Amino acid sequence: MSVRKTSTIMVAVAATLTGFWLYTSSNAQPNEPVAVGMGAADAVQGVLRAGKPTIIEFGANNCVSCREMKPILHALAQDSRIAVADVDILKEREYIGKYQIRLMPTQVFYNAQGVETGRHMGKISAEAILANLGMTPAAVTTTAITPKAAL
């Protein structure tokens, strides 16, 4: 095989693999908080178009309280009734002014119609987030634990 033919095949394989990687990475998993970037349009508005009660957290990866909120947001993202998004305002500074963010982390709550219903600054529990969204915790099926009689 000639060098030209080999290099053409290698380019075609690389392009195919790159296309597959871009396709699979662009399909965000529904069970993860969406990391939002400004891009050409306001991505927060894109998340709100899902038509679900939504929590958007504005924070940064170098903020301790923001990092402590990550597991809570991840757990809430498992609930298919709501949408969860995370905005790193140090990378996307345009959001600071647009959404009037004064403290990290700030959680902004939206109803299913995309109307802001409230805000919270600082850390917050999953139960309080669900309450702000007008939701109840998802039903968890557990078997009742009956204590054993003392011997």
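The values are calculated or read from the model by the stated rules, or taken from the named source; none is laboratory data. Being a predicted model, the structure only gives us computed values, none of them experimental. Heads up, the Cβs are rebuilt from the backbone with ideal geometry, glycines too, and the neighbour counts pull from every protein chain shown.
Table for the structure above
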| quantity | calculated |
| --- | --- |
| Hey, ASP42 touching a residue at least 12 places away in the same chain (Cβ under 8 Å), under 18 Å from ASN132 (Cα atoms), surrounded by 13 or more Cβ atoms within 10 Å (Cβ to Cβ) and charged (D, E, K, R) or not | no |
| Candidate set from the stretch 63-109 (those that are among the acidic types (Asp, Glu) and surrounded by 16 or more Cβ atoms within 10 Å (Cβ to Cβ)); member that is nearest to ILE124 (Cα to Cα) | ASP86 |
| Matching option when the condition is more than 19 Å from GLY51 (Cα to Cα) and assigned by TED's automatic domain parsing to the domain that holds ILE72, among TYR110, TYR95 | TYR95 |
| The lone exception for ALA112 - which of (1) surrounded by 13 or more Cβ atoms within 10 Å (Cβ to Cβ); (2) farther than 21 Å from ALA43 by Cβ it fails | (2) |
| Strands (runs of 3 or more DSSP E) fully within the stretch 21-102 counting 2 or more residues that are modelled with pLDDT of 90 or more | 54-59, 83-88 |
| Scan of the stretch 115-133 for residues that are exposed (fewer than 15 other Cβ atoms within 10 Å of the Cβ) and among the basic types (Lys, Arg), ordered by number | LYS123 |
